[in-house]
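Asker: Input: one structure, supplied below.
Derivation of every value follows stated rules applied to the coordinates shown; laboratory data play no part. Quantities reported herein were computed from a predicted structural model and do not represent experimental measurements. Cβ placement follows ideal geometry from the backbone for every residue including glycine, while neighbour counts extend to all protein chains displayed.
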Amino acid sequence: MRTDLAVIIPTYFGRDTTPELRRQLMSDAVRDLGLFVAPGNWIVVLDGAPWARDDVLRVLDEVRGGARPTVVELQSNRGKGGAVVSGIEAALERVPRCGALAVMDCDGDHSAYDLPHLVELLDQVTAYTGEPLVEVVGRRIDRSGSLGFLRAELEGVTSRVTFAALRFALAHRGRALDETWVAPFGEPDLEAGFRVYTREAAELVADALPAAARSAGDEGLLRWGVEVVPTTEICLAGGVHAEALRSTREAQPATEYLAGVDPAEAYSLELSWVLRRCGIDAQAALLMLEDAFIRSKARSEPAGARCAERIVPSVLSSLPGGDEALERRRTRAPRRL
């Protein structure tokens with residue numbers, strides 16, 4: 001394993017998570033990580049949850065293997081994106097000759113035993129392409145088992161639309177999206193959070209996430225767009241997105257993602273930002289959205305169908321030509337496929 005690899009662990013547990021479960025999940029996340037990355041190269045970002053601080057530090061105090069992990073404490077909750085940015089900045093400052101950075105969740109869903117495979121692919125892609133901007137994502141074999149039906153389907157829709165928008169944007173620049181390292185899987189898994197970046201890609205991400213939130217006028221993008229923003233910016237900058245299979249928990253014992261948030265609003269925010277960033281007008285976006293939802297099972301159950309019917313108009317209305325596209329959608333005859 002590379003000695004210049006830093007591991008960033010954004011850490012947040014809700015108030016309703018018991019101290020025992022916090023400690024168990026944090027222990028699951030870091031228990032075997034030291035086999036692959038020295039604890040001195042870990043950056044643990046406490047994302048504004050003072051009630052969980054002692055439990056997290058207690059687990060880290062039990063870590064053995066040389067230098068202690070770096071702990072960055074944020075005074076207020078900034079969402080995973082804000083925590084990742086703080087972690088990247090700390091890693092570049094505190095990890096000697098930091099050449100690559102991994103992002104792993106604090107709940108044990110990301111296994112340390114998958115990390116070597118992601119790093120190996122990062123090195124392979126970098127060597128093969130000569131491209132300094134590279135990200136490798138640990139893709140999930142099955143999203144619904146750990147996420148539930150609706151969220152899994154909406155993540156699939158977001159991935160399809162994002163890749164379609166990137167193809168469109170790059171084609172208009174006379175370039176092609178490099179899908180070499182995704183093609184074996186058919187479709188990308190862009191919402192997966194287990195990631196490894198080259199240093200250059202991580203530096204781009206640290207700038208891109210806050211800029212994306214500012215351009216969207218909504219800090220929520222730091223919470224829900226933390227995966228699609230890096231991929232979008234890396235690919236638009238000429239970099240490479242690659243994926244490798246990883247293991248995942250059968251279910252998530254505790255998660256704060258979308259806690260108390262309307263899924264239609266969260267995914268509309270992501271999709272609207274991606275399409276605007278890629279310069280997609282509403283007519284083209286309508287085709288991309290419909291194509292993505294046609295291949296999704298979301299419409300097969302009432303909650304998913306209602307969510308889809310809210311997302312499409314919300315996204316279209318945020319784009320150039322949105323009113324015309326919405327009118328066209330309302331007036332054309334319905335079809336069965």
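Asker: Placing one identical point scatterer on every Cα of the range 109-279 and ignoring solvent, what is log10 I(q)/I(0) from the Debye formula at q = 0.16, 0.20 Å⁻¹?
Answerer: -0.96, -1.53
Asker: Take every DSSP beta bridge whose two residues both sit in the chain, then give the antiparallel share in percent to the nearest 5.
Answerer: Within the chain, antiparallel bridges account for around 25 percent of the total.
Asker: Right, something else. Once Rh for the range 22-65 is found with the Kirkwood sum over Cα pairs, what is the Stokes-Einstein diffusion coefficient at 25 °C and 0.890 mPa s, in µm²/s?
Answerer: 225 µm²/s
Asker: Can you compute the FRET efficiency between Ser247 and Glu62 using 1/(1 + (r/R0)^6), with r the Cβ-Cβ distance and R0 = 22 Å? Round to the nearest 0.05.
Answerer: After rounding to 0.05, the efficiency reads 0.40.
Asker: Mind putting a number on the dipole of the chain about its Cα centre? Charges go on the C-beta only, +1 for Lys and Arg and -1 for Asp and Glu, and I need it in Debye to the nearest 20. Don't skip to the answer; put the middle values down first.
Answerer: On the way: 40 positive and 50 negative charges, 133 e Å.
Around 640 debye, computed over the chain.
Asker: Further, regarding this structure: How large is the dipole of the range 1-107 about the Cα centre if only Lys and Arg carry +1 and Asp and Glu carry -1, each at its Cβ, rounded to the nearest 20 debye?
Answerer: That gives a dipole near 200 debye.
Asker: How large is the direction-averaged shadow of the alpha-carbon convex hull of the chain, in nm²?
Answerer: Mean shadow area of the hull around the Cα atoms is 16.7 nm².
Asker: Taking the 0 to 90 degree range and rounding to the nearest ten, how far is the long axis of helix 322-331 tilted relative to the main principal axis of the chain, both from C-alpha atoms?
Answerer: The answer is roughly 60 degrees.
Asker: Then there's this: Using only DSSP helix segments of four residues or longer, with each worth -39500 (n - 2.57), what per-residue ellipticity at 222 nm results for the chain after dividing by its residue count and rounding to 500?
Answerer: Numbers: 13 runs with 164 residues, N = 337.
Calculated at 222 nm, the ellipticity per residue is -15500 deg cm²/dmol.
Asker: For Ser27 and Arg173, what is the calculated FRET efficiency with R₀ set at 35 Å and r taken between the beta-carbons, to the nearest 0.05? Don't jump to the answer; show the numbers that get you there.
Answerer: Working: r = 47 Å, r/R0 = 1.34.
The calculated FRET efficiency here is 0.15.
Asker: Also: Counting other beta carbons within 10 Å of each Cβ, put His110, His117 in order, fewest first. Intermediate values should be presented prior to the final figure.
Answerer: Numbers: His110 28, His117 15.
So the ranking, lowest neighbour count to highest, is His117, His110.
Asker: Given 5 Å bins starting at zero, what is the percent of C-alpha pairs of the range 1-107 in each, up to the one with the largest pair distance?
Answerer: With 5 Å bins starting at 0, P(r) equals 2, 14, 26, 26, 20, 9, 3, 1.
Asker: Which angle from 0 to 90°, rounded to the nearest 10, does the C-alpha axis of helix 282-294 make with the longest principal axis of the chain?
Answerer: Approximately 70 degrees, to the nearest ten.
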